[in-house]
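In what follows, a single structure is set out as structure tokens and then discussed.
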Amino acid sequence: MSEVSLQLLRPVHGGYCLAHRDGQTYMVRFGLPGEQVKAVPVAKKGKVIFAEVSEVLEASEQRQTPVWALGGPGGSGGADLCHVKVPFQRIWKAEVLADCLRRLGGEEVYAQALAVSGGELSCLGVSSGHAGGEDGLGYRLRADFEVSAAGRLAMTKFRGEELIEIDSFPLADSVISESSLFSDPVRWSQVFTPGGRIRAWASADGLRVWNGRALFDESARELAEKNVRLTVPGFGDYLVAPSGFWQAHRQAARILGQQVMAAATSDYELDNGTLSAPGVGQGHAGSDAAGGSAEASEHSEADASSDRPLTPGNRRWKEVLELYSGAGLFSRPLASILDRGGRLTTLEGSKPAVKMARKNLSGVPGRLQIRAGRVDARALADYGGKRKASPLVVMDPPRSGAGQKVMAALTRLEPEKIIYVACDPAALARDLKVAVSHGYQIASLQAYDLFPHTHHLESVCLMVKTKG
């Protein structure tokens, strides 16, 4: 397929801009809405051609020099919005969320989301604390790398198997980006295995590097410790398996933890069948949004902790069910809002994560049932047969979402509230469609830009059971 000239339209899920030419649909990376570009097709799936910008003929005012060249066209793909000014990245993500909710969730889901968002959806910026300012850099607490045949740090080229050696990774916390991993790679020659992988952590104890066998410190010295310690302001220290999941952004655990707890403890009442959430942040993506300006998103630059869409209350629970509970980030604070004799039940499919959760919840008072097992309809039915009251459900599913069967089974438990933490807007939209069709209503929805310079975003959605 040869190079083509395209007029780019709106952003769509996955970091692409939509375009049409000669009856053909294109999904184009590294462009911006409204730009005229030349693009090189790189793949075709069904009737859609995927392409990358090769030349910008008419540039958007929201374009910037990529903050990390290796993340741009022909690179690793690890920073697919690095050519977009940070304020507009958040407008972009709000528009993608709105598009997913409307196309995949349906008009009712979309209308409810708009209603509780003041008529517009937003994606709030979160301060990384990076010394260079709010440039969207220096936020990642963990980073995964390949090891090249020469024993150097590398990443896989987007849509391929070719490795690209890297000598910097500015999206990472300075504990990683300014470490000996980059400044003195020879030091790591005995730790790296060509063809292998490593994970770097900016832990509470400094740099930790996992090579699949052991943990190492900044000096490439093997450590006796088996887990990584991370500190979450307001929530304390957590232990995480070195190969396990943890939120990447240095502020993500705190921000998401605050929002989950606010949603769990706040009170909502139906007023003529309509729910409204107090204090919802202002947004940028309404029903006709197709662009936006940097000025329109200035308020999103603030730390999201000062712009909470929910106000914490004093609600306590007799039953709390946490699904996809991981290493227990939310479990510990959720245990603190149990009523006298209340019970917290967690369910997680990863046995190493459950092991960490048990460590992180050691000594926490209350009736805690920390379970390892698949989140599916059978497990939910089993829980339903033993519950003593209508539960609060908190869920943080993987990128693929919970799915139709799990969501349908969940609604059969008739939880009073469902708090859904989502890392994929398409999966969120599909799961919300199921919940709404089974009598749930969106009470609050807020997205956060916890992955600057990439197309990813996190959302926290509160759903409540409607009466009648």
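The values are calculated or read from the model by the stated rules, or taken from the named source; none is laboratory data. Predicted, not measured: the structure shown is a model, and the values here were computed from it. Note: ideal-geometry Cβ built from the backbone for every residue, glycine included; neighbour counts use all protein chains shown. Side chains are part of the model used for accessible areas, which takes the heavy atoms of the whole protein and leaves out ligands, DNA and RNA. Shrake-Rupley method; radii C 1.70, N 1.55, O 1.52, S 1.80 Å.
Values as computed for the structure displayed
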| quantity | calculated |
| --- | --- |
| Per residue, in Å², the accessible surface of segment 15-146 once ligands and nucleic acids are set aside, probe 1.4 Å | 36 |
| Equivalent ellipsoid semi-axes - Cα gyration tensor, segment 63-222, angstrom | 36, 17, 16 |
| Long-range tail of P(r) for the chain (Cα pairs > 42 Å, %) | 17 |
| Computed over the chain: relative contact order in percent, which uses C-alpha pairs under 8 Å that are six or more apart | 16 |
| Rounded to 5, percent antiparallel among DSSP beta bridges of the chain | 70 |
| Those trypsin sites (Lys or Arg not before Pro) in segment 347-421 that DSSP places in a loop and that have at most 13 other beta carbons within 10 Å | Arg374, Lys386, Lys388, Arg399 |
| Length gained when the stretch Arg213-Arg103 is fully extended (0.36 nm per residue, less Cα-Cα span) | 35.1 nm |
| Ranked order, Phe235, Phe169 - accessible area, probe 1.4 Å, largest first | Phe235, Phe169 |
| Cα gyration tensor of segment 339-422 - equivalent ellipsoid semi-axes, whole Å, descending | 20, 17, 11 |
| In Hz, Karplus ³J(HN,Hα) per residue of segment 401-413 (6.51, -1.76, 1.60; θ = phi - 60°; x = Gly, Pro) | x, 7, x, 4, 5, 5, 5, 5, 5, 5, 5, 5, 6 |
| Semi-axis lengths, Å, segment 359-402, gyration tensor of Cα atoms, sqrt of 5 times eigenvalues | 20, 17, 11 |
| His438 accessible area, assembled protein chains, probe 1.4 Å, Å² | 80 |
| Directionally averaged projected area (convex hull, Cα atoms, segment 54-146), nm² | 8.8 |
| Summed residue charge, Cβ within 13 Å of Gln24's Cβ, Lys/Arg positive, Asp/Glu negative | +3 |
| Cross-link partners of Lys355 among aspartates and glutamates (Cα-Cα below 17 Å; sequence separation of 8 or more within a chain) | Glu225, Asp237, Glu322 |
| Accessible surface of the chain [probe 1.4 Å, protein heavy atoms]: carbon and sulfur percent | 48 |
| Virtual spin-label span in nm between Gln404 and Arg159, 7 Å along Cα→Cβ | 2.9 |
| Among the listed pairs Lys47/Lys157; Lys318/Lys388; Lys405/Lys467; Lys226/Lys351; Lys318/Lys467, those beyond 18 Å (Cα-Cα) | Lys47/Lys157; Lys405/Lys467; Lys318/Lys467 |
| Point-to-point label distance, Arg63-Ser390, nm (Cα→Cβ direction, 7 Å offset) | 5.4 |
| Amide H contacts of Glu52 (H built 1.01 Å from N, under 5 Å, at least 5 apart or other chain) | Arg29, Val40, Val42 |
| Estimated distance in nm for a label pair at Asp376 and Ala149, the labels positioned 7 Å out from Cα along Cα-to-Cβ | 4.3 |
